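One structure is given below, encoded as C-alpha cells.
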Amino acid sequence: MLTWNDHHLVLVLARAGTVAGAARALGVNETTISRRLAAAELAAGSTLFRRIERKLEPTAAGRAIVEAGEAMERALAASGTKISSAPATVRVSTVMTVIEHMIAPRLSEFVARHPGIVMELVGSNETVSLARREADISIRLQRPERGRLVARRIGRMRFILAGREGTDPTDFIAYERDMDDLPEIATIMARFGNAAPVARIVSLSSITRAVQRGLGAAMLPECMIATTAGVVALDPSVHVERPLWLVVHEDMKERPAVRSAVDWLSDTIHNARPGTGELPHTP
C-alpha cells in the first residue's frame, strides 16, 4: 500500500522531471530518490515513470498516483497542515528579456513574501510542454491554442525600430530563419523593403549588443533600448506590441506554491511601467 510519502515522492518527480531535480527539491541525494522510487514501484506493482529524452514522464499508473497525490496535497493545504519542511520549487519558463527586465529585478520581493518557495527561472525561446511538467508556469508571447491550459494576459512587450545613436542604418538584424513570421521581424523586413538581413542572431541580448556596435537596425523591446548605452529608437512609429500570456496547466493551477507564483508574476508584470517594461520603484 502506498503511503503519503510515496505519493509525495511521485508528485515531486513528476514536477521536477528528473531524479536530480527531485533530489534538489526534497533536499536529499539522488541515490535516496532512486531507492524510494524503487520501493514505491514495488508497492504499486507497476512502473511509475518512463524516460523520454532525458526526462521522466509518468506512466498511466504514475499519472493516477500523481492525481491522487495532488488531491491529498490540496486537502492537507486546505486543513492548514504543513506538508513538508523542504521548500517548494516552481519552475517558470519564459524568454530571457522577461526574466532580466521584469522578473529578476523584483525577485527579492517574492522571496521575502514566500520564503518557502524557490522560483526557478528558465530562459528559453522554445515553447515548453506544461503537460510533460517541463515547467510549472510559462510566460509566452503567444496564447496557446490547444491543451488543458489556463492562460491569462498579464502585460505586453513593445518592440521599436532601434539602432546605434547617431547612425542611419541601411542593414538590419533578424532572428533565425524559422522566426521570420513573427510580427516584429515581418515589420522590420517590410521597413527595409524585404531585403535579406545582414545577420541572424538567436537572442535579443546578443542582437542588442550588435546594434550597439553599429552592425545594423533591429526591433528591440523598449526596456532594452532604455537600458543600453548608445542604442536609441530610430523611428518610434515603427513598432509592434505583443501581449504576454501567463500559462499554467489546469492540473497545476490549484497547487499552493504555483498559485502564489502565478499571483505574484501576474501583479509584477501587469504593473510594469507602461512603455518600458521596467518596474516602478517602490520604497
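The values are calculated or read from the model by the stated rules, or taken from the named source; none is laboratory data. Just so we're clear, the structure is a prediction, and the values are computed from it rather than from any experiment. When we count neighbours, we look across all protein chains shown, and the Cβ atoms used for this are built from the backbone with ideal geometry, even at glycine.
Within region 257-283, residues that are under 22 Å from Thr228 (Cα atoms) sit with their Cβ atoms under 6 Å from residues that are modelled with pLDDT of 50 or more and assigned to a loop (DSSP other than H, G, I, E, B), at 6+ positions apart or across chains, in these pairs: Leu279/Ala272; Pro280/Arg273.
Yes or no, residue by residue, for (1) over 26 Å from the mean Cα position of the chain (by Cα); (2) closer than 19 Å to Thr3 by Cβ; (3) at pLDDT 90 or above:
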{"site": "Arg36", "(1), (2), (3)": "yes, yes, no"}
{"site": "Phe49", "(1), (2), (3)": "no, yes, yes"}
{"site": "Glu53", "(1), (2), (3)": "no, no, no"}
{"site": "Glu57", "(1), (2), (3)": "no, no, yes"}
{"site": "Glu67", "(1), (2), (3)": "no, yes, yes"}
{"site": "Ala71", "(1), (2), (3)": "no, yes, no"}
{"site": "Ala75", "(1), (2), (3)": "yes, yes, no"}
{"site": "Ser84", "(1), (2), (3)": "no, yes, no"}
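Within region 170-193, being touching a Lys or Arg at 6+ places or on another chain (Cβ under 8 Å), among the basic types (Lys, Arg) and closer than 19 Å to Gly214 by Cα holds for no residue.
Scanning region 1-34 for residues that are at pLDDT 85 or above and over 16 Å from Ala88 (Cβ atoms) yields Asp6, Thr18, Val19, Ala20, Ile33, Ser34.
Selection of helices (runs of 4 or more DSSP H) fully inside region 6-87 by the criterion of at least 3 residues being in contact (Cβ under 8 Å) with a residue 60 or more places away in the chain and surrounded by fewer than 19 Cβ atoms within 10 Å (Cβ to Cβ) returns 60-78. Only one of the listed residues (Leu220, Leu265) is more than 24 Å from Phe172 (Cβ to Cβ), modelled with pLDDT of 95 or more and of a type outside the set (Lys, Arg). That residue is Leu265.
Please determine whether any residue of region 157-180 is within 30 Å of Glu67 (Cβ to Cβ) and surrounded by 13 or more Cβ atoms within 10 Å (Cβ to Cβ). Looking for residues that are within 30 Å of Glu67 (Cβ to Cβ) and surrounded by 13 or more Cβ atoms within 10 Å (Cβ to Cβ), one finds none in region 157-180, hence no. Per the listing Arg140, Arg164, the residue uniquely in contact with a Gly (Cβ under 8 Å, 6 or more places away or on another chain) and in the same structural domain as Asn271 (by TED's automatic domain parsing) is Arg164.
A single entry from Val92, Val150, Val122 fulfils the requirement of being in contact with a Leu (Cβ under 7 Å, 6 or more places away or on another chain) and of a type outside the set (Lys, Arg): Val92.
Could you tell me whether region 223-235 includes any residue that is modelled with pLDDT of 95 or more and in a loop (DSSP other than H, G, I, E, B)? For region 223-235, residues modelled with pLDDT of 95 or more and in a loop (DSSP other than H, G, I, E, B): present. Among residues of region 195-213 that are closer than 12 Å to Thr228 by Cα, those with a beta-carbon under 6 Å from a residue that is in a helix (DSSP H, G or I) and not hydroxyl-bearing (Ser, Thr, Tyr) at least six positions away or on a different chain give the pairs Thr208/Met224. Taken over region 186-200, the criterion of being in contact with a strand residue (DSSP E or B) (Cβ under 7 Å, 6 or more places away or on another chain) and either surrounded by 22 or more Cβ atoms within 10 Å (Cβ to Cβ) or closer than 19 Å to Arg158 by Cα (or both) is satisfied by Thr187, Ile188, Arg191.
Condition first: in contact with a Gly (Cβ under 8 Å, 6 or more places away or on another chain) and either at pLDDT below 90 or not hydroxyl-bearing (Ser, Thr, Tyr) (or both). Can you find one or more residues in region 187-196 that meet it? No, that holds for no residue.
Scanning region 90-133 for residues that are under 13 Å from the mean Cα position of the chain (by Cα), modelled with pLDDT under 85 and either within 24 Å of Trp4 (Cα to Cα) or not assigned by TED's automatic domain parsing to the domain that holds Phe159 (or both) yields a single hit, Arg133.
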